[in-house]
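Notes follow once the structure below has been shown.
The values are calculated or read from the model by the stated rules, or taken from the named source; none is laboratory data. Since the model is a prediction, treat every value here as computed from it, not as a measurement. Neighbour counts run over all protein chains shown; Cβ positions are idealised from the backbone, glycine included. Side chains included, ligands, DNA and RNA excluded: accessible areas come from the protein's heavy atoms. Shrake-Rupley method; radii C 1.70, N 1.55, O 1.52, S 1.80 Å.
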Amino acid sequence: MPAANQRSFDVVVVGGGAVGENLADRAVQGGLSAVVIEGELVGGACSYWACMPSKALLRPGAASAAARAVPGAGEVPGAIDVEATFDSRTAFTSNWDDSSQVEWLENAEIELIRGSARITGPREVEVRRGIKQTGLEDDDDEVVTVKARVAVALCTGSLPTIPPIEGLVESRPWTSAEATATSDVPDDLLIIGGGVIACEMATAFADLGSRVHLVVRGGGLLSNLDDFVGEAVADSLRDMGVDIRFNTEVSTCEQVEAPQQDLIVDDAASVSSIRTKAALTDGSTIVADQVLVATGREPHLPEIDGIDLQRDERGAVKLDDDMRAAGTDWLYVVGDASSKAHTTHQGKYQARIIGDLIARRASAADGEGSPDSEHADLRGDSFGAPQVVFTRPEVAHVGLTSDEASKRGLSVQSHDQDLGAIAGAALHAKGYSGRARFIVDTTSQTLIGATFVGPDTAEMLHSATIAIVGQVPLSKLWHAVPAYPTISEVWLRFLEGAGL
Ligand SMILES: Cc1cc2nc3c(=O)[nH]c(=O)nc-3n(C[C@H](O)[C@H](O)[C@H](O)COP(=O)(O)OP(=O)(O)OC[C@H]3O[C@@H](n4cnc5c(N)ncnc54)[C@H](O)[C@@H]3O)c2cc1C
């Protein structure tokens with residue numbers, strides 16, 4: 001029989017990823033006690049299976065391509081050092097050891113309970129102790145009931161969706177978690193999907209030496225952004241040797257034996273000795289050593305019993321404007337789990353606001369209060385939310401695309417600029433090619449969207465985020481002088497084009 005015991009805290013945070021850590025920290029800074037319940041590694045996806053390892057896998061290819069584009073930088077080999085790349089990735093994940101993040105929690109005076117949580121009633125969470133990855137044999141059967149005096153925050157992240165393709169599960173596909181943790185380079189890698197993860201992983205594995213096949217249901221890549229973005233990334237992936245099949249889907253997968261000389265030791269994150277023959281809807285087939293599914297992610301909520309929650313048409317927990325489950329005054333859903341954030345930085349932003357809000361509401365006589373300022377954007381659909389796609393060329397976007405702006409009925413003007421024509425870009429890399437698009441709200445004469453596609457554009461993004469969030473009028477932006485000769489001089493060209 002499991003041993004039972006009880007604990008109570010002001011705030012119970014389920015999920016110790018970047019979002020849960022930040023929310024708990026802000027609640028503690030606001031004078032409350034907090035516990036984080038984590039079933040795998042403290043730090044969550046970003047640290048071990050997403051942002052950090054993926055960017056570590058992508059950086060060597062980006063750096064070596066950048067050096068090769070600079071005359072006089074010396075002879076830079078085309079192929080990257082695969083072993084050193086995997087070593088660097090492993091170092092960035094601390095070899096999947098979360099001790100430093102556990103220490104951070106201790107220093108922040110946040111208690112940690114390792115185990116898998118489920119909601120069992122109002123302000124009540126049941127935890128089965130243990131770590132999913134390694135198992136804690138001593139504690140495995142111990143069940144702890146944790147009560148929240150003030151609030152429970154579900155920061156439980158998201159999970160990849162696996163499309164219902166006949167034979168796919170049997171072919172043991174990777175998701176991004178296995179792809180970012182592997183130390184194998186499949187000869188042929190079939191990636192299903194055309195979004196951010198698919199494009200980044202196609203770039204990384206093409207750099208590592210795989211023949212990458214990208215099967216995309218739609219007619220372009222990165223379809224949430226303006227068409228020119230996906231076109232530039234597709235052109236460059238093709239130049240890297242990636243085989244892209246648009247407007248097609250995998251209809252069935254079948255396992256076939258690998259040729260004898262290709263056999264590779266088989267373990268959890270390694271390439272299988274069995275190859276997969278994928279039949280596509282266009283009648284063609286692809287035989288791959290490994291399939292990677294990158295067809296989207298969905299919120300990952302724990303089991304919820306003992307309370308009735310309002311659900312939306314997709315079955316997701318309905319949230320009010322402050323990320324609180326509709327009809328409750330104690331249950332919050334934040335970060336990827338809320339589906340109102342899809343990046344670490346945006347989830348952490350929500351976490352800071354909600355952590356503060358929970359603390360403020362706890363000290364208010366009526367238990368109420370609103371987010372810290374009129375500017376807080378918790379819906380994730382306002383003009384902030386920047387994103388970088390670490391492909392080659394890099395894609396950096398913030399605010400609205402032209403399509404989104406017209407769907408909202410805004411009166412906008414779109415200004416395109418050729419980044420390659422900027423003096424700083426020509427110096428940055430021989431044959432620099434790139435484009436910027438600025439979307440201006442013609443009523444307020446402010447910027448409401450910006451997209452940069454080109455080598456090393458990621459670091460240019462924050463200036464656009466500030467201009468958008470600060471609602472800086474173009475007439476004022478004109479006085480923000482970009483330094484010569486930098487690629488940022490594109491701002492000057494844009495403002496000149498806008499008539500300033
Ligand atoms: C391949 C890839 C690359 C990415 N790259 C970037 C990037 O470059 N930049 C960026 O900003 N974003 C990136 N993202 C998105 C980013 O990883 C997520 O937005 C972020 O990790 C979400 O943080 P979170 O805390 O909400 O969820 P998570 O980090 O997933 O944390 C949730 C935690 O909850 C725990 N948990 C879940 N259920 C329970 C339960 N019942 N009991 C106890 N614990 C539980 C999980 O074990 C997990 O540790 C990337 C995503 C992927 C997949």
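Suppose R0 equals 56 Å. What FRET efficiency, 1/(1 + (r/R0)^6) with r the Cβ-Cβ distance, do S402 and D141 give to the nearest 0.05?
0.50
What value, in deg cm²/dmol to 500, does the helix sum -39500 (n - 2.57) over DSSP H runs of n ≥ 4 give at 222 nm once divided by the residues of the chain? Let's see the in-between values first.
Working: 14 runs with 140 residues, N = 500.
Rounded to the nearest 500, it is -8000 deg cm²/dmol.
Do you know the relative contact order of the chain, to the nearest whole percent, from alpha carbon pairs under 8 angstrom that are 6+ apart?
Values: 1074 pairs, mean separation 73.6, N = 500.
Rounded, it is 15 percent for the chain.
Translational D (Stokes-Einstein, µm²/s) of region 102-205 at 25 °C and 0.890 mPa s when Rh comes from the Kirkwood sum over C-alpha pairs? Please list the in-between numbers first.
On the way: Rh = 17.6 Å.
For the chosen part, D equals 139 µm²/s.
In nm, give the distance between the simple-model label positions of A108 and E496, each being 7 Å from the Cα along the Cα-to-Cβ direction.
In this crude spin-label approximation the distance works out to 4.7 nm.
What does the charge dipole of region 170-266 about its Cα centre add up to, to the nearest 20 debye, if the Cβ of each Lys and Arg holds +1 and the Cβ of each Asp and Glu holds -1?
180
Take the solvent-accessible surface of the protein heavy atoms, probe 1.4 Å, and return the percent of it on the chain that carbon and sulfur atoms account for.
Of the solvent-accessible surface of the chain, carbon and sulfur hold 48 percent.
Which longest run of the chain has no exposed loop site in it, a site being GluC sites (Glu not before Pro) in a DSSP loop with at most 15 other beta carbons within 10 Å, and the site itself not part of the run? Numbers along the way, then the final one.
Values: sites that count: E75, E109, E137, E303, E313, E368, E374.
It works out to 138-302.
Before anything else, pin down the relative contact order of region 41-89: Cα pairs under 8 Å, at least 6 apart, normalised by residue count, whole percent.
After rounding, I find 40 percent.
How big is region 372-500 on each of its three principal axes, counting only the C-alpha atoms and giving the largest first in Å?
If we take the Cα atoms of region 372-500, the spans are 44, 32, 28 Å.
How high is the relative contact order of region 12-115, in percent, counting Cα pairs under 8 Å that sit 6 or more residues apart?
Details: 122 pairs, mean separation 38.0, N = 104.
It rounds to 36 percent for region 12-115.
Work out the length of the dipole vector of the chain about its Cα centre, built from +1 on the beta-carbon of each Lys and Arg and -1 on the beta-carbon of each Asp and Glu, and round it to the nearest 20 debye.
With Lys and Arg at +1 and Asp and Glu at -1, about 1240 debye.
Compute the length gained on full extension between K318 and D187: take 0.36 nm times their separation in residues and subtract their Cα-Cα distance, giving the result in nm to one decimal.
42.7 nm
Between S8 and S411, how many nm apart are label points set 7 Å from Cα along the C-beta direction?
Reported label-point gap for S8 and S411 is 5.9 nm.
Which FRET efficiency value, to the nearest 0.05, do you get for S433 and A79 by plugging their Cβ-Cβ distance into 1/(1 + (r/R0)^6) with R0 = 22 Å?
Working: r = 23 Å, r/R0 = 1.03.
It comes to 0.45.
Please list R149, R123 in order of solvent-accessible area, largest first, computed with a 1.4 Å probe with all protein chains present.
R149, R123
Output the lone cysteines of the chain: those with no second cysteine's C-beta under 4.7 Å from their C-beta.
When partners are defined as cysteine Cβ atoms under 4.7 Å apart, the chain leaves C155, C199, C253 without one.
Provide, as a two-decimal number, the C-alpha radius of gyration of region 175-328 over 2.2 N^0.38 Å, N being how many residues it has.
Values: Rg = 19.0 Å, N = 154, 2.2 N^0.38 = 14.9 Å.
Scaled against compact globular proteins, the figure is 1.27.
What is the list of residues in region 290-316 whose amide nitrogen lies under 15 Å from a point 7 angstrom out from the Cα of A326, following Cα to Cβ?
Only 308-316 pass the distance filter.
Applying 1/(1 + (r/R0)^6) with R0 = 25 Å to the Cβ-Cβ distance of R149 and S94, what FRET efficiency is obtained, to the nearest 0.05?
0.15
Could you do me a favour and compute the accessible area per residue for the chain, 1.4 Å probe, result in Å²?
Solvent-accessible surface per residue comes out at 46 Å².
To the nearest whole percent, what portion of all C-alpha pairs in the chain is separated by more than 44 angstrom?
19
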